[in-house]
1. Based on what the data block shows, is residue 108 surrounded by fewer than 20 Cβ atoms within 10 Å (Cβ to Cβ) and closer than 26 Å to residue 163 by Cα?
2. Considering only the range 150-170, state which residues are in contact (Cβ under 8 Å) with a residue 12 or more places away in the chain and under 16 Å from residue 36 (Cα atoms).
3. Out of the helices (runs of 4 or more DSSP H) lying entirely within the range 72-170, which hold 2 or more residues that are closer than 27 Å to residue 57 by Cβ?
4. Exactly one of (1) at pLDDT 95 or above; (2) more than 27 Å from residue 68 (Cα to Cα) is unmet by residue 16. Its number?
5. Here's a check for you: in the range 19-57, which residue that is assigned to a loop (DSSP other than H, G, I, E, B) and not β-branched (Val, Ile, Thr) is modelled with the lowest pLDDT?
6. Filter the range 118-133 down to residues that are surrounded by fewer than 20 Cβ atoms within 10 Å (Cβ to Cβ) and not polar (S, T, N, Q), then give me how many there are.
7. Any residue that is among the aromatic types (Phe, Trp, Tyr), touching a residue at least 60 places away in the same chain (Cβ under 8 Å) and under 30 Å from residue 54 (Cα atoms) - is there at least one of those in the range 111-127?
Amino acid sequence: MPNDQNQHIVDIPMSSTPRFIASHTLLSSLQSVLVDLIELNLQGKQAHWNVVGPNFPDVHRQLDLIVSTARNAADGVAERMRAVGGIPDGLSSTVAETTGLLAYPRGEVTTRQTIDLISERIYTSVANARAVHSAVDDEDRVSADLLNGTIAQLEQHAWLLSSENRSPSL
């Protein structure tokens, strides 16, 4: 990974038509969300392949939905970065070095543990998106709207998934 502090910014020749070019802060914020979404996608697929135990079919299918959401959201964030003059970095080395998500365990994992682990990773991804949201919104409402949609979808997935392990509160 280059040490240049403007590593996510590309110099685009300007035409006579004004064009929005994102600041380093905006691009760094989007990059941090991007790596968490890529990691969530990968961990979700790892969980999908290795989950075992009660209610396996439902958890297996839910994990595929989470993976699809994370993958599509990552693509949307990366494409937004490109649209506003940035260069997204989704290399595995970058993701491994910069994600806020904890590593996922190797091998088979019970459905109950999988639910807790993936729910925690979804909430971590959401917390990061929320943490950068205000700064993103101050500069670019379109990017903030993209984060809003991502947050809403991921929170719904976390609620549906984590409900598998809950008991009614009295």
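The values are calculated or read from the model by the stated rules, or taken from the named source; none is laboratory data. Only a predicted model underlies this, so the values are computations on that prediction, with no experimental measurement involved. We place every Cβ from the backbone using ideal geometry, glycine too, and count neighbours over all the protein chains shown.
1. Details: surrounded by fewer than 20 Cβ atoms within 10 Å (Cβ to Cβ): yes; closer than 26 Å to residue 163 by Cα: yes.
So residue 108 fits the description; yes.
2. Taking the range 150-170 and keeping what is in contact (Cβ under 8 Å) with a residue 12 or more places away in the chain, we get 150-151, 153-155, 157-158, 160-162, 164-165.
Residues satisfying the conditions are 150, 151, 153, 154, 155, 157, 158.
3. Values: elements: 92-98, 111-139, 141-162.
Here the list reads 111-139, 141-162.
4. Single failed check for residue 16: (1).
5. Keep residues of the range 19-57 that are assigned to a loop (DSSP other than H, G, I, E, B), which gives 19-23, 53-55.
From what is left, the residues that are not β-branched (Val, Ile, Thr) are 19-20, 22-23, 53-55.
Working: 19: 84, 20: 89, 22: 95, 23: 96, 53: 97, 54: 95, 55: 95.
My answer is 19.
6. Result for the range 118-133: 6.
7. Narrowing the range 111-127 to residues among the aromatic types (Phe, Trp, Tyr): 123.
From what is left, the residues that are touching a residue at least 60 places away in the same chain (Cβ under 8 Å) are none.
Checked the range 111-127: no residue is among the aromatic types (Phe, Trp, Tyr), touching a residue at least 60 places away in the same chain (Cβ under 8 Å) and under 30 Å from residue 54 (Cα atoms).
Table: residues versus (1) in contact (Cβ under 8 Å) with a residue 24 or more places away in the chain; (2) farther than 24 Å from residue 111 by Cβ.
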| position | (1), (2) |
| --- | --- |
| 26 | yes, yes |
| 33 | yes, yes |
| 39 | yes, no |
| 64 | no, no |
